[in-house]
Amino acid sequence: MLQCPFEEDLMDAVASGRWPHGAGTELRHHVEGCELCRDVEAIAAAFLEDRDCAWNEAPVPSASAVWWRTQMRAREEAARLAARPIIIAQATATVCVFAASVALAPAAFDSVRRWIAAFGATASSVPPEISLSWIVGAAAYTTLPLLAVGLWLVLAPVVVFLALDD
Ligand SMILES: [Zn+2]
C-alpha cells in the first residue's frame with residue numbers, strides 16, 4: 001500500500017498541533033492499525049520538531065537594527081534615483097562639449113595659426129620649422145586637459161553609480 005486516504009488528515013492534524021489528543025477518534029484508531037500512517041506520523045513529527053527548533057534558535061536582530069537597515073536601504077535607493085538624472089545630464093553635456101569642440105576645432109586651429117604667424121612675423125627669433133610642431137604640441141597641451149576633464153565627467157557618475165550599487 002503506497003497511499004492511504006487518511007494520510008492527508010493525519011498530516012494536517014500533526015502540522016496544526018492537534019495530534020494526537022485533538023484529532024478525532026476515527027483517525028487515531030486508523031493510525032494504530034495502519035503502518036503507512038504510523039510512518040507518516042513519525043516523519044511529520046520529526047520534521048515539525050526540527051522546524052520548531054530552527055524557529056526557536058533563529059537569531060532575530062533587534063528592532064533598532066532592522067529599522068536602521070531599512071533606513072539605510074531607503075536612503076541608498078533615494079540617492080540612486082536622484083543620481084540618475086544627474087548622470088544623464090552629465091552624459092548629455094559631455095556629448096555636447098565634445099561635438100562643440102569638434103565643430104570649433106578648425107576655426108580655433110586657424111586662429112592659433114594666424115596668431116603664431118603674426119607672432120613669428122614680429123619675433124624673428126622663432127625659427128620657422130618649429131611652428132608646425134609647436135602647433136601640434138600646443139594643440140596636444142590644450143586638448144589633453146580637455147580630454148581628461150571629459151573623461152572625468154563621463155567616469156565620475158559611473159564610479160558613483162557603482163559605489164552606490166554595492
Ligand atoms: Zn493509513
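A short reminder: the numbers here are calculations on the coordinates, not readings from a lab. Here the structure is a predicted model, which is why all the values come from computation and not from measurement. With ideal geometry, Cβ positions are generated from the backbone for all residues, glycine too; neighbour counts draw on all protein chains shown.
Per-residue ellipticity at 222 nm from helix content only, as computed over the chain with -39500 (n - 2.57) for each DSSP H run of at least four residues, stands at -29500 deg cm²/dmol. Here, region 7-57 is characterised by an Rg to Rh ratio of 1.01, where Rg is the alpha-carbon radius of gyration and Rh the Kirkwood radius. Span-like helix check, the chain: qualifying full DSSP H segments, with Cα axial length of 30 Å or more and mean Kyte-Doolittle of 1.0 or more, are 130-164. Rounded to two decimals, the Cα-based Rg/Rh of the chain, with Kirkwood Rh, is 1.60. By the beta carbon rule, with partners counted only under 4.7 Å, the chain holds these lone Cys residues: Cys4, Cys53, Cys96. Sorted ascending by nearby beta carbons within 10 Å, beginning with the fewest, Asp110, Asp12 become Asp110, Asp12.
For region 73-164, the percent of C-alpha pairs falling in each 5 Å distance bin, counted from 0 to the bin holding the largest distance, reads 3, 11, 16, 16, 12, 10, 8, 7, 6, 5, 4, 2, 1, 0.
Only Cα pairs within less than 10 Å get springs; with that Gaussian network setup on the chain, which residue of Arg114, Arg84, Arg69 has the largest fluctuation? Per the Cα network of the chain with a 10 Å cutoff, Arg114 tops the list. With each label modelled as a point 7 angstrom along the Cα→C-beta vector, the Leu48-Arg73 pair spans 3.2 nm.
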